[in-house]
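Below is one structure, written out as structure tokens; comments come after it.
The values are calculated or read from the model by the stated rules, or taken from the named source; none is laboratory data. No experiment lies behind these values; they were computed from the predicted model shown. Backbone-built Cβ (ideal geometry, glycine too); neighbour counts: all protein chains shown. Please note that ligands, DNA and RNA were not included when accessible areas were found on the heavy atoms of the full protein model with its side chains. Shrake-Rupley method; radii C 1.70, N 1.55, O 1.52, S 1.80 Å.
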Amino acid sequence: MTRVIAVANQKGGVGKTTTSISLAACLAESRKKTLLVDLDAQGNATSGLGIDKSSLACCMYDVLINNTELDSIIQPTAWKNLWVAPATMNLAGAEIDLIEKKNPANALKKHLGKVKENYDYILIDCPPSLSFLTINALTAADGVLVPLQCEFYALEGMAQLLNTVDRIRQSSNPDLTIDGIVMTMADSRTHLSNDVVEQVRTHFPDLLYKTVIPRSVRLGEAPSYGQPITVYDPHGKAAEAYRALAREVKRRGR
Ligand SMILES: Nc1ncnc2c1ncn2[C@@H]1O[C@H](COP(=O)(O)OP(=O)(O)O)[C@@H](O)[C@H]1O
Ligand SMILES: [Mg+2]
């Protein structure tokens, strides 16, 4: 059974894209066929996996708006078991163009349904908003993975995200679950990081993944080489942390 996971948090800069790329790479490394769907017009998940955006004739925009077959835009990466459904700046127009559609929240789900069985895991890197693209991701997903940055305001916006998940459950996707919360950019030398992790654990004891992703300069560098951390710095602490997260995700997934 394929598991579709939306990596979502309407806050920007919390580690959605880094987590999407790294987790996808770790799942692929563990021989799980993995597709990363880039739903952010920034296209950072696309370029982060070494795909040259300027070489692409089509992207997720064409799938969602022009009914281009998803299968036809999926790009293989340089690594085994890892594919990307790319995004380019064109995707920025999708928010407006989706509104014209008959069933604007369902476009991604419809297309994923046709390719789903080719993969063990499908991760969706969401944009930093609760707009139509994120609604599409939550409608298509089995579970949501929420990255939270280890900072004082980590939980800000969480209520709104949970509220949106509830609304999606009531309207189109009753089985949508919150798979878990992963704390990112933790600095174990500071009290703040530890305090924030404890605060999140108090609020969401059942949702917090045991794995905490450390702050790592290498994680910030890897995208400029178009490599996931498992390739750029395979034995570093960040790669090891994301491997541990992948094991947790596989254990929880059904
Ligand atoms: N664990 C980490 N350690 C250091 N830098 C990180 C880490 N996770 C993310 N970053 C950096 O923080 C910035 C925001 O991360 P990103 O994954 O793009 O967030 P989002 O997709 O939520 O906007 C990027 O520059 C990224 O390289
Ligand atoms: Mg991002």
The one condition ASN67 fails out of (1) near ligand 2 (Cβ under 10 Å from one of its atoms); (2) surrounded by fewer than 24 Cβ atoms within 10 Å (Cβ to Cβ) is (1)
Scanning segment 187-199 for residues that are surrounded by fewer than 21 Cβ atoms within 10 Å (Cβ to Cβ) and among the aliphatic types (A, V, I, L, M), the one nearest to the chain's Cα centre (by Cα) turns out to be VAL197
Exercise for review: Looking only at segment 229-237, decide whether some residue is part of a helix (DSSP H, G or I), in contact with a helix residue (DSSP H, G or I) (Cβ under 7 Å, 6 or more places away or on another chain), within 13 Å of ligand 1 (Cβ to nearest atom) and without any contact (Cβ under 8 Å) to a residue 40 or more places away in the chain.
Suggested key: yes
The residue from SER47, SER72 that alone is at pLDDT 95 or above, of a type in the set (Gly, Ala, Ser) and either open to solvent by less than 60 Å² (accessible area, probe 1.4 Å) or in a loop (DSSP other than H, G, I, E, B) (or both) is SER47
Going through segment 42-99 in order, the residues found to be polar (S, T, N, Q) and more than 22 Å from LEU219 (Cβ to Cβ) are SER54, SER55, ASN66, ASN67, THR68, SER72, GLN75, THR88, ASN90
message = On the basis of being within 17 Å of THR139 (Cα to Cα), more than 16 Å from ligand 1 (Cβ to nearest atom) and either modelled with pLDDT of 95 or more or buried (at least 23 other Cβ atoms within 10 Å of the Cβ) (or both), does THR2 make the cut?
response = yes
Residue count, segment 17-30, condition open to solvent by 10 Å² or more (accessible area, probe 1.4 Å) and within 10 Å of ligand 2 (Cβ to nearest atom), comes to 3
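To keep it simple, each residue is scored yes or no on (1) out of contact with any Lys or Arg (no Cβ under 7 Å at 6 or more places or on another chain); (2) in a loop (DSSP other than H, G, I, E, B); (3) within 16 Å of ligand 2 (Cβ to nearest atom).
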position	(1), (2), (3)
LYS116	yes, no, no
LEU123	yes, no, yes
SER129	yes, yes, yes
THR134	yes, no, yes
PRO147	no, no, yes
ALA154	yes, yes, no
PRO174	yes, yes, no
Taking segment 31-44 and keeping residues in contact with a helix residue (DSSP H, G or I) (Cβ under 6 Å, 6 or more places away or on another chain), open to solvent by less than 10 Å² (accessible area, probe 1.4 Å) and not polar (S, T, N, Q) leaves LEU36, ASP38, LEU39, GLY43
All conditions in (1) outside any loop (DSSP other than H, G, I, E, B); (2) open to solvent by 70 Å² or more (accessible area, probe 1.4 Å); (3) closer than 16 Å to ALA154 by Cβ are true of PRO205 except (1)
How many residues of segment 209-228 are outside any loop (DSSP other than H, G, I, E, B), out of contact with any Ser or Thr (no Cβ under 8 Å at 6 or more places or on another chain) and surrounded by 20 or more Cβ atoms within 10 Å (Cβ to Cβ)? The answer is 1
